Amino acid sequence: MARSARACADGTCARVQALLDLQQDAARGKVYIQGTGSTKVLLDPPALRSRMLAKWNEQRVCDSAARNGPSTDCTTEQNKLTYLSAAAGGCDMNFTFAAKTASGGTLQYINQLRNELKFADSANPYINFTNLGNGNISIDPTYGLDDPGTSSTGSCSAACTKISTTSLAGSCCSCGGVSKLYSKAAWNASTFLCL
């Protein structure tokens, strides 16, 4: 992670590491993902590990056969995403990025960027990769895990599990329709659980 960590704004990729750490057995029976209304889903770390490995292998196969042009293939164009904005979307926040070549030029095969999300299940409608035109794309990532502005119920954050590089310990949260307080997870200092 050290070399690639330089690409993260914080230099350590703390949010990415927190997501990866959800695979740890210490998270078993403790991490809930907020669904709609009072629905919440308990995360199963072994199942997450298995799914992440399968999706990583799918991404590896796509990347090894990359070619520019066909919309179902991974692209060979190296790209750089620059954050532009976040706004409420259908399920959560849509994040908008300027998608450019590594040197800042225009991507010729911007629609193929969708295939660079195979590791995250690019067929998942909740990812909502959209080519907005003019070199901009939007992505609707996982609710409450990686965005600073998760929706709220009153003054409480409506997320069972939240990843934040600033402490949320003791802050009001709502999980499955029940208001509680965030506590820091034992396995990662950037993960907070609504307990």
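The values are calculated or read from the model by the stated rules, or taken from the named source; none is laboratory data. It should be emphasised that the depicted structure is a prediction, and the values quoted were computed from it without experimental measurement. Every residue, glycine among them, receives a Cβ derived from its backbone with ideal geometry; neighbour counts consider all protein chains shown.
Condition check ((1) touching a strand residue (DSSP E or B) at 6+ places or on another chain (Cβ under 6 Å); (2) crowded, with 18+ Cβ neighbours inside 10 Å; (3) closer than 10 Å to ASN136 by Cα) across all residues:
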{"residue": "ASP73", "(1), (2), (3)": "no, no, no"}
{"residue": "GLN78", "(1), (2), (3)": "no, no, no"}
{"residue": "LEU84", "(1), (2), (3)": "yes, no, yes"}
{"residue": "ALA88", "(1), (2), (3)": "no, no, no"}
{"residue": "PHE95", "(1), (2), (3)": "yes, yes, no"}
{"residue": "ALA98", "(1), (2), (3)": "yes, no, yes"}
{"residue": "THR101", "(1), (2), (3)": "no, no, no"}
{"residue": "GLY104", "(1), (2), (3)": "no, no, no"}
{"residue": "GLN108", "(1), (2), (3)": "no, no, no"}
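Residues that are more than 14 Å from ARG15 (Cα to Cα) and either touching an Asp or Glu at 6+ places or on another chain (Cβ under 9 Å) or surrounded by 22 or more Cβ atoms within 10 Å (Cβ to Cβ) (or both) within region 169-192 comprise CYS173, CYS175, TYR182, listed in sequence order.
Kindly evaluate GLN59 against the criterion of being within 18 Å of the chain's Cα centre (by Cα) and within 15 Å of ASN115 (Cα to Cα).
In short, yes.
Just one of (1) in contact with a Lys or Arg (Cβ under 6 Å, 6 or more places away or on another chain); (2) modelled with pLDDT of 90 or more fails for TYR32. It is (2). Beta carbons closer than 6 Å, at least 6 apart along the sequence or on distinct chains, pair a first residue in region 8-28 that is in a loop (DSSP other than H, G, I, E, B) with a second that is not hydrophobic (A, V, I, L, M, F, W, C) for GLN23/PRO45; GLN23/ARG49; ARG28/PRO45. May I ask you to verify whether ALA98 is modelled with pLDDT of 85 or more and aliphatic (A, V, I, L, M)? Against the criterion (modelled with pLDDT of 85 or more and aliphatic (A, V, I, L, M)), ALA98 qualifies. In region 63-75 there is at least one residue that is assigned to a helix (DSSP H, G or I) and of a type outside the set (S, T, N, Q). Only residues that are modelled with pLDDT of 90 or more and on the phi > 0 side of the Ramachandran plot were counted across region 35-76, and they come to 1. Checking each residue in region 13-47 for being surrounded by fewer than 17 Cβ atoms within 10 Å (Cβ to Cβ), more than 17 Å from ALA185 (Cα to Cα) and within 16 Å of the chain's Cα centre (by Cα) picks out only GLY35.
One residue alone among ALA120, ALA65 is among the hydrophobic types (A, V, I, L, M, F, W, C) and closer than 27 Å to LEU22 by Cα, and that residue is ALA120.
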